[in-house]
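Quick note: the coordinates plus some simple rules give every number you see, no bench work behind them. Bear in mind that the values here come from a model prediction, so they are computed numbers and not experimental data. Cβ atoms come from the backbone with ideal geometry, glycine included; neighbour counts cover every protein chain shown.
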Amino acid sequence: MREPSPSFLLPTYLRNAAVAAAMVVVMVMVMAAAVAAGELPTQVAPGPARGQVGAPGAANSPSDPRLDGAVRVLTRGGFREAEEIARAALASDATSDRAAAILGIALSKQKRYTDARAWLERARDSTQAFPERRHAAHFLGWCCYHLGDLDAARAAFELHLKAVPDEPDSTFGLGLVALDEDRLDDAEKHFNAALVRFRALGANGKPRGADEAKALTRLGDVALRRDDPAAAKRFLEAAVAASPVQHETWSKMARVCDRLGDHAAADAARANAERILESLGRRERPQPDSPSATDGAPTPAATSEAPSSAPPSQPSP
């Protein structure tokens, strides 16, 4: 159960216990009156622990116009700046669940999943009306997935799909959960469903080649789990055709070709993976399936992130 952040601290110069107790009572009464009169903002501590986030606010909390700017900043990839705007909005109005949602999204895009989770849980449970609310569960699902809480991730993705049926990125997330749990039939079903939806979006003028590639790459993983490297290679070839610039697809292609004894093709695939990583300015392998900073960042109202109908935080293949 979440507890609200303490509003006040006892001054350090008070050493006498009896005097201190009396002073605290007076201070609380005075400060509470000031807050009620609107003279003092409620504070939200930076870097909150999960228990410090507070419960969802009242249903009629007004929207802070700064939050629209935070969403625009998120969409441009300014995750840290969006975090600061959301924190400022919460400092002005600690009951703003929209600010909590945007803060959670900004933190998740910075891969600060533990901090993000608590804010997104608050946004998920909110009764306030704001555009990002129905997508809070999506981002919460990715936080839980990366934190290793597969049960919570599955529940969050399923909740998001109730609000946004057939949303491909949460469907893809369910596929990853199933794959991690070795439920191969379920994983295959979810990856195929996500692939169909990604292709439908592409046919409607929203290119999703990278998303098609990640679904096809994961179908290749399912084939490998079933000890069928030839089928895995076919999926990976289709993934490369959908998007030839996914380094992880090429890396997996190299391993599959080695397993099939085609070492020349394996060497060529490895070389492609290295070239892509070098062009991105890195050589080490990044965390797989984590929302990419280049995917932009979100507002469900604007474009799409793991959800194509919500903010952009989809994992890479």
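What the table below lists for this structure:
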{"read-out": "Low-density loop cleavage sites - trypsin sites (Lys or Arg not before Pro) in segment 170-264, where at most 16 other Cβ are within 10 Å (DSSP)", "value": "Arg183, Arg226"}
{"read-out": "Alpha-carbon gyration tensor eigenvalues x 5, square-rooted, for segment 120-161, Å", "value": "19, 9, 7"}
{"read-out": "Ascending count of other beta-carbon atoms within 10 Å, so fewest first, for Phe79, Phe198, Phe235", "value": "Phe79, Phe235, Phe198"}
{"read-out": "Nitroxide proxy distance, nm - points 7 Å out along Cα→Cβ at Lys206 and Ala268", "value": "3.5 nm"}
{"read-out": "Net lengthening on full extension, Leu184/Glu237 (0.36 nm per residue, minus Cα-Cα)", "value": "17.0 nm"}
{"read-out": "Which of Ile105, Ile85 has the fewest Cβ neighbours within 10 Å, and the rest in rising order", "value": "Ile85, Ile105"}
{"read-out": "Ascending count of other beta-carbon atoms within 10 Å, so fewest first, for Asp169, Asp185", "value": "Asp185, Asp169"}
{"read-out": "Net length gained if the chain between Arg275 and Arg112 were fully extended (0.36 nm per residue, minus Cα distance)", "value": "55.8 nm"}
